[in-house]
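One structure is given below, encoded as structure tokens.
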Amino acid sequence: MSKQVWKGGALLAPLPAALVTAGTPEASGVCTVAWTGIVNTKPPKTYISLRKSRYTYTLIEKTGEFVLHITTAAQARAVDYCGMYTGRKVDKFAKCGFTKTAGTQVVAPVIAECPLALECKVSSMQELGTHVLILADILATDADEAIIDGSGKLCLDRVRLLAFAHGEYFALGEKLGKFGFSAAKTKAPRAVGKAGAAAKAQGREKPRRGTGAAKQKKK
Ligand SMILES: Cc1cc2nc3c(=O)[nH]c(=O)nc-3n(C[C@H](O)[C@H](O)[C@H](O)COP(=O)(O)O)c2cc1C
């Protein structure tokens, strides 16, 4: 496959189209972030990368806390809106119909309508250039009961998660497998005689009756 080589750029896809809330219930902000991810398992750590000019950034700087929310395809318009307007001028919670609820570990509000929210405490901030890398510990995970099954398993496939890829939004759809499925032990293949091999080659399951191959299988 031939490739074109472009200069290095901020191009990685898909990314989450996530919502970050910060501040207090009375004076809170919400904005969209795509520059986010998980960077450590134990202790669980995440990051967001924000420009200093964001209202949300100033709130995080003050409180040292934020809540990171996973979003769904149904929320695509609201997610985009939260990335278009600043909370300095618009009440984005009201405009988007978001309900602020109390978290358990941080003062920043949790958006009730989002299926999953990570309550985060900032551990470090590092200026990178255009953005400030905000590293944080995930202190609590608030999961909607609608995405938890009877055995306590998280079922994110119950919602169409929203993804961001090179300036466009996509809904996650088809499930292709689960973690480790490529390494899962498979049953040893059954020994196939001439009959089985012939049937397989012809795309049939069983050898045809009356053929030598069928007789061989009966033995
Ligand atoms: C899909 C999308 C992803 C975005 N990702 C980021 C991001 O990772 N970091 C950032 O600083 N701004 C990002 N933005 C821009 C901010 O969300 C936007 O400037 C917002 O209006 C800031 O709101 P605030 O001033 O209320 O904090 C993104 C916008 C969109 C639409």
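How charged is the neighbourhood of residue 130? Take every other residue with its Cβ under 12 Å from the Cβ of residue 130, and add Lys/Arg as +1 and Asp/Glu as -1.
Here the count lands on +2.
When 151, 53, 123, 28 are ordered from fewest to most other Cβ atoms inside 10 Å of their Cβ, what list results?
151, 53, 123, 28
For 26, 119, which order do you get if you count the other beta carbons within 10 Å of each Cβ and list the fewest first?
26, 119
With the contact rule set at Cα under 8 Å and sequence spacing of 6 or more, what percent relative contact order holds for the chain?
20 percent
What number comes out for the charge environment of residue 115, summing +1 per Lys or Arg and -1 per Asp or Glu over other residues with Cβ under 13 Å away?
-3
With +1 on the Cβ of every Lys and Arg and -1 on the Cβ of every Asp and Glu, and nothing else charged, how large is the dipole of the chain about its Cα centre, in debye rounded to the nearest 20?
2440 debye
When the helices in the chain are scored as -39500 (n - 2.57) per DSSP H run of 4 or longer and the sum is shared across all residues, what 222 nm value do you end up with, to the nearest 500 deg cm²/dmol?
-4000 deg cm²/dmol
Counting other C-beta atoms within 10 Å, which of 125, 84 has the fewest, and how do the rest follow?
Ascending number of Cβ neighbours within 10 Å: 84, 125.
Looking at 181, 130, 28, which one has the Cα that reaches farthest to the positive end of the dipole of the chain (charges on Cβ: Lys, Arg +1; Asp, Glu -1)?
My answer, from the dipole projection, is 181.
For the range 15-171, report the % of Cα-Cα distances exceeding 26 Å.
Looking at the range 15-171, the distances longer than 26 Å represent 19 percent of pairs.
How far is the Cα center of the range 170-189 from the Cα center of the range 1-73, in Å?
Distance between centres, Cα-based: 29 Å.
Keeping to pairs on different chains or 8 or more places apart, tell me how many lysine pairs in the range 15-171 have Cα atoms under 16 Å apart.
Counting lysine pairs in the range 15-171 gives 5.
Would you please give the residues with an amide H less than 5 Å from that of residue 83, counting only those at least 5 places away or on a separate chain, with H modeled from the backbone geometry?
For residue 83, the qualifying residues are 32.
Here, each number is a calculation from the coordinates, and none is a lab measurement. What you are looking at is a predicted structure, and each value in this text was computed from that prediction instead of being measured. Note that each Cβ is placed from the backbone with ideal geometry, even for glycine, and that neighbours are counted across all protein chains shown.
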